[in-house]
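Worksheet: the structure to be examined is printed underneath.
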Amino acid sequence: MSTLSDPVNLSAPRGSDAGLTPKQLADKYGLSVSGKRPSLPEYVRQLWARRAFISAFATARLVAQYTTAKLGQVWQVLTPLLNCAVFYLVFGLIMSNRDTVPNYIAWLCIGVFIFQFSQSAIQAGTRSISDNLGLIRALHFPRASLPIAFTIIQLQQLLISMVVLVVIVLVNGITPGATWLLIIPALVLQSMFNTGLALVMARIGSKTSDISQLMPFLLRTWMYVSGVMYSVSSFIEKWPPFWQTAYSWNPAVVYMDLIRYAFMPESFDKTLYPGGVDAHGNALPKALILPDHIWIMATSWAVVAFAIGFVFFWKAEEEYGRG
């Protein structure tokens, strides 16, 4: 009678398997190393096969996000509105930017909502692996599902907030027009860009948890240099050409300008808002500047960021959840 301590007899393969190496045997019977990184096309196929899981995970997390708060899902709209109120007080009233920017309240709210979409997606992506190690170690699925799902959560929150944003725009006397249709492709491109950055930061965050503590400071700096609360149009013309070009290619500026133009194209009309001062010496609103090739910029950022982010994340697929 054998016991657990008896050695296992691993005899050589017989019959048609005789003489085959372990690798040949594995190939013959479709065996592979557990946790091995799949090829890039296979990885894409696996992600597509898990699309229902990604959608369900995102929806469940969105619903559960504010379950402990008394106001619940209202915070999805209330948070950006409170940010808008604070920024309007500081930059609109105290610093008088409302006098130089056409439709300043609508312009400000659009910028805050759109920038917060990128900001939240990047922050959530940074923690998407490190905060879900239990799920990663318990189940087998493409790890890119997590940063993608968290980006979808932020998109869902933005779409809910857009209802309030539309009301704000209408209250400011802006009439809906054909340019409003441009909001859809602009948000698609921004979502691709956000997903790419979320994938990059997810891999970095999985290795260095301290990066999640640093990200709020980096993103806040990005917000201030992107002109979310104030218009750079009034002084960018005085900058050297290199810095003008560099600023115009800032992805946050690109996507904010696209959505702002889609909502209120008249704010970019120099004949309506020539700037200058009135008879009393008060500053007059000056038309905003929209780069000539802004759609090329937006598409380039979206495609490049998504491609680099996806490949960069996939390269470390077998490492997530280990250690």
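Values in this text are rule-based calculations from the coordinates and carry no lab data. Not measured: the values here are computed from a predicted model. Here the Cβ positions follow ideal geometry from the backbone for every residue, glycine too, while neighbour counts run over all protein chains shown.
Cα-Cα pairs above 16 Å in segment 113-205: how many percent? Kindly include the intermediate steps, with their values, before the conclusion.
Details: 2499 of 4278 pairs.
In whole percent, the long-distance tail amounts to 58.
Taken one residue at a time, the phi angles of segment 215-228 give Karplus couplings (6.51, -1.76, 1.60, θ = phi - 60°) of 4, x, 6, 5, 5, 5, 5, 4, 4, 5, 7, 9, x, 5 Hz. Gly and Pro are set to x.
Using 0.36 nm per residue of separation minus the Cα-Cα distance, give me the extension gain between ILE94 and THR59 in nm, one decimal.
Gain on stretching ILE94 to THR59: 8.6 nm.
Each residue in VAL171, VAL228 was given a count of other beta-carbon atoms within 10 angstrom of its own, and listing them fewest first yields VAL171, VAL228.
Tell me whether segment 195-260 comes out rounded, prolate or oblate; compute the Cα gyration tensor, take square roots of the eigenvalues as a ≥ b ≥ c, and use a/c under 1.5 as the rounded threshold. Prolate is the answer for segment 195-260, as a/c is 1.5 or above and a/b outweighs b/c. Footprinting exposure proxy ranking of VAL164, VAL225, fewest other C-beta atoms within 10 angstrom first, gives VAL225, VAL164.
For segment 254-264, the Karplus equation 6.51 cos²θ - 1.76 cosθ + 1.60, evaluated at θ = phi - 60°, returns couplings of 4, 6, 5, 5, 4, 5, 4, 5, 4, 6, 9 Hz by residue, with Gly and Pro reported as x.
Find the percent of Cα-Cα distances in segment 206-315 that exceed 16 Å, and round it to a whole number.
Details: 4196 of 5995 pairs.
So the pairs more than 16 Å apart make up 70 percent of the total in segment 206-315.
For segment 41-112, the C-alpha radius of gyration divided by 2.2 N^0.38 Å, with N the number of residues, is 1.74. Seen from ILE105, the other residues with C-beta closer than 13 Å to its C-beta sum to a net charge of +1, counting Lys and Arg as +1 and Asp and Glu as -1. Modelled this way, with points 7 Å down the Cα-to-C-beta line, the labels at ARG45 and ILE308 are 3.0 nm from one another.
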